[in-house]
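S.K.: Can you read through this structure? Questions will come right after.
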Amino acid sequence: ERRGPLHSVLLGLERAAFRTADVVMTVNDSCADLVRERGEVAHERVHVVRNCPDPGRFFPAAPVPALRRGREHLVLWLGHIARKEGLDLLIDAADELVNRRGRSDVAFAIVGPGTVRAELAEAAQARGLGDVVHLPGEADDGRLREYIATAHVCVSVDPRNALNDRSLMIKVLEYMIMGKAVVQFPLLEMQRTCGDATAYARDADPLDL
């Protein structure tokens, strides 16, 4: 959301790049719309080349009940644990489910490395969720498959903003290729990609999540 002289220069360079290119490749339809609208690029010069999960890495696997840590159900998030990921909303949702609604049968796993992992663990501990919310750190492909296979619900909690609305959250496709139930916020590109194959919570609303 920053504006100023540098922003104007960057937009000018972007327009020049669009106008001199024979072909513009982008990663999804939402970014393609931006290219056509802001860059005024003709429809036939814009091509979408998507990312997707590697089926050699993500495929159905046997669940590992021990990952539920003694509980009946597991809610899973995986990715890089950074402030922009909205994981505070997942802690809020866990607090609501466990401490306010009394659900003692649900565990949460937040899997991956990141700069705010310790901070997130402290936030969970402060709410009495230290034995409910587990942050095991980075996992290899085999362990990721085990976590996804074991989870009952997989979540993506990126809140809506101009960047996220045009982003393809690859973790959601990894959940889906393994046939898992998914809850996410209604980002524009993710709704276009997933349609009615996932459930959508009201944006940035941990109670609805």
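The values are calculated or read from the model by the stated rules, or taken from the named source; none is laboratory data. All values reported here derive from a predicted model rather than from experimental measurement. Positions of Cβ are generated from backbone atoms using ideal geometry, with glycine treated the same way; all protein chains shown enter the neighbour counts. Calculation scope for accessible area: heavy atoms of the full protein, side chains included, ligands and nucleic acids excluded. Shrake-Rupley method; radii C 1.70, N 1.55, O 1.52, S 1.80 Å.
S.K.: Exactly one of these conditions fails for residue 85: (1) under 18 Å from the mean Cα position of the chain (by Cα); (2) of a type in the set (Asp, Glu); (3) open to solvent by 80 Å² or more (accessible area, probe 1.4 Å). Give me its number.
M.R.: (3)
S.K.: Here's a follow-up. Answer yes if at least one residue in segment 190-197 is within 12 Å of the chain's Cα centre (by Cα) and without any contact (Cβ under 8 Å) to a residue 40 or more places away in the chain, and no otherwise.
M.R.: Yes, that holds for at least one residue.
S.K.: Considering only residues that are in contact with a Cys (Cβ under 9 Å, 6 or more places away or on another chain) and assigned to a strand (DSSP E or B), which ones fall in segment 153-189?
M.R.: Passing the criteria: 181, 182, 183, 184.
S.K.: Of the conditions (1) buried (at least 17 other Cβ atoms within 10 Å of the Cβ); (2) assigned to a loop (DSSP other than H, G, I, E, B), residue 40 clears all except one; give me its number.
M.R.: The one condition residue 40 does not meet is (1).
Each row is one residue, and each column tells you yes or no for (1) at pLDDT below 95; (2) open to solvent by 30 Å² or more (accessible area, probe 1.4 Å); (3) out of contact with any His (no Cβ under 8 Å at 6 or more places or on another chain).
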| position | (1), (2), (3) |
| --- | --- |
| 100 | no, yes, yes |
| 106 | no, no, no |
| 133 | no, no, yes |
| 140 | no, yes, yes |
| 144 | no, no, yes |
| 148 | no, no, yes |
| 198 | no, no, yes |
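S.K.: Still on this structure, please answer the following. Scan segment 88-96 and give yes if some residue there is in a helix (DSSP H, G or I) and among the β-branched types (Val, Ile, Thr), otherwise no.
M.R.: Scanning segment 88-96 turns up at least one residue that is in a helix (DSSP H, G or I) and among the β-branched types (Val, Ile, Thr).
S.K.: When residues of segment 43-68 are filtered for being part of a loop (DSSP other than H, G, I, E, B) and either touching a residue at least 12 places away in the same chain (Cβ under 8 Å) or of a type in the set (A, V, I, L, M) (or both), how many remain?
M.R.: Of the residues in segment 43-68, 14 are part of a loop (DSSP other than H, G, I, E, B) and either touching a residue at least 12 places away in the same chain (Cβ under 8 Å) or of a type in the set (A, V, I, L, M) (or both).
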